Amino acid sequence: MNQKFIIKFEQGSLEQSYKLAEADVVGGVNGIFELLDDDFMKRVLDLFAQMRSAIIETYNKYQ
């Protein structure tokens, strides 16, 4: 993947993707799992909530 790690999260119809250069991750694949700590995962979930609100608000404007 062009010397990048791709981390993808899905929740229903929503998706978040993060691309990290292999050179920026210490420890290879194991290093990726170290980055996915509780604080990061909370932010991912918060972003999903924001994304869901944004699409619902936009959809409701045109109903």
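Take the residues in region 19-63 that are assigned to a helix (DSSP H, G or I) and basic (Lys, Arg); name whichever of them is nearest to the chain's Cα centre (by Cα).
Pass one, region 19-63, residues assigned to a helix (DSSP H, G or I): 22-24, 28-35, 38-61.
Those still in the list that are basic (Lys, Arg) too: 42-43, 52, 61.
On the way: Lys42: 11, Arg43: 9, Arg52: 14, Lys61: 27 Å.
Out of the qualifying residues, it is Arg43.
Please work out which one of (1) open to solvent by less than 90 Å² (accessible area, probe 1.4 Å); (2) more than 13 Å from the chain's Cα centre (by Cα) is the condition Gln16 fails and give its number.
(2)
Would you please list the contacts, defined by Cβ atoms under 6 Å and residues six or more apart or on different chains, that run from a residue in region 49-63 that is within 21 Å of Phe9 (Cβ to Cβ) to a residue that is at pLDDT 95 or above?
What qualifies is Met51/Leu14.
Enumerate the pairs (first residue in region 22-37 and within 17 Å of Gln3 (Cα to Cα); second residue anywhere and open to solvent by 100 Å² or more (accessible area, probe 1.4 Å)) with beta-carbon separation below 8 Å, excluding pairs fewer than 6 apart on the same chain, so at least 6 apart or on different chains.
Glu22/Gln3; Ala23/Gln3; Gly27/Glu34
The values are calculated or read from the model by the stated rules, or taken from the named source; none is laboratory data. The model shown is predicted, which means the values in this text are computed figures rather than measured ones. In this analysis, Cβ positions are derived from the backbone assuming ideal geometry, glycine residues included, and neighbour counts consider all displayed protein chains. Surface accessibility is based on the protein's heavy atoms, side chains included, excluding ligands, DNA and RNA. Shrake-Rupley method; radii C 1.70, N 1.55, O 1.52, S 1.80 Å.
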